[in-house]
Amino acid sequence: IYLDDVGKTVYIEHADYGRLPTNIKPREREVSALLSALRRNSGQELSLSNPSIKGDLSFYNSILRVSFDSFPLVNYFSFDIRKLSKESKNLFSLVQSGTIDKVTASFLVNLLRIRANISIVGEPGSGKTTLLASILNFVPKNWRVIILEDVPEISYSFSGSNFCLKLFTDPFESKTRVRKKSEEIVKLLHRNPTYVVLGELQYEDHFKSL
C-alpha cells in the first residue's frame, strides 16, 4: 500500500492484478494517527535529522510493515505498507501456483537439510521472504534455529523448529542503532545454532560479518 504525499490517493500492489489505483485519499489526521501508532510501537522519533522510520503494526491476522518518510526527505508525508501474514508459508501451494517447480523446491529442501548456505536474491516484491519462510517449514524439529532480523518478517510465520531464538536489531532508519546487525552476526558464533537465518543483508559490514 503506497501514499506518495498527503492530498494524493493511495495505490496498491496486488498479488494477482499488479499495481492498482484507489479512490482513497487519507486526511492529514489519519496519516498522523498512523504515524503516532508507528512511533509508539517502534520507539523511533521522526525529526528533521531523522526523517524516516520503519516498524510493524498488528492488524487482525497480519503484521503491517510500515516505512514512513517526512520533510525534508519528501514534500510532507509519505508511507508504504507491506502486509505480512502470521500464517506459515506453504511450499506446496507455491508449487501448485506455478511460482516454483517441484524439482527446484525439492532441491532447496535438500540443501536446507544438509545445512548448506542458501542466499535468496531478487528485486523488491519478488517473493524472497515468502520463499524463505516456505523452505524453513522443512527444518527438523530438533534443530536450534536463530533468526536475526531488523524488522520482524520471518519470525512471525516461522514454526519449523521447537527450539528457536529470535533476535531483533535496530533498523537502518533508527537514529541510535545500538543493536547493530553486523555485531550480532559475529556474536551468533557463541550461541551454538544449528542453522542461522538472516532476514536481510543490506550493507558492507553485513556482508563482511556473514
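The values are calculated or read from the model by the stated rules, or taken from the named source; none is laboratory data. Here the structure is a predicted model, which is why all the values come from computation and not from measurement. Every residue, glycine as well, gets a Cβ built from its backbone with ideal geometry; the counts of neighbours run over all protein chains shown. We work out accessible area using only protein heavy atoms, side chains counted, and drop any ligands, DNA or RNA first. Shrake-Rupley method; radii C 1.70, N 1.55, O 1.52, S 1.80 Å.
Candidates 79, 107: the one that is at pLDDT 90 or above, among the aromatic types (Phe, Trp, Tyr) and under 29 Å from residue 60 (Cα atoms) is 79. Scanning the stretch 108-144 for residues that are open to solvent by 100 Å² or more (accessible area, probe 1.4 Å) and either of a type in the set (Asp, Glu) or at positive phi (or both) turns up 115, 123.
Every condition in (1) open to solvent by 30 Å² or more (accessible area, probe 1.4 Å); (2) touching an Asp or Glu at 6+ places or on another chain (Cβ under 6 Å); (3) closer than 24 Å to residue 159 by Cα is met by residue 63 except one, and the failing one is (1).
Selection of the stretch 33-59 for residues being in a helix (DSSP H, G or I) and surrounded by 13 or more Cβ atoms within 10 Å (Cβ to Cβ) yields 34, 35, 37, 38, 39, 41, 42. Of everything in the stretch 75-107 that is β-branched (Val, Ile, Thr) and within 23 Å of the chain's Cα centre (by Cα), the residue that is most open to solvent (accessible area, probe 1.4 Å) is 99. Applying the set (1) modelled with pLDDT of 90 or more; (2) polar (S, T, N, Q); (3) in contact with a strand residue (DSSP E or B) (Cβ under 6 Å, 6 or more places away or on another chain) to residue 161 leaves exactly one unmet item: (1). The residues in the stretch 21-32 that are among the hydrophobic types (A, V, I, L, M, F, W, C) and open to solvent by 60 Å² or more (accessible area, probe 1.4 Å) can be counted, and the count is 1.
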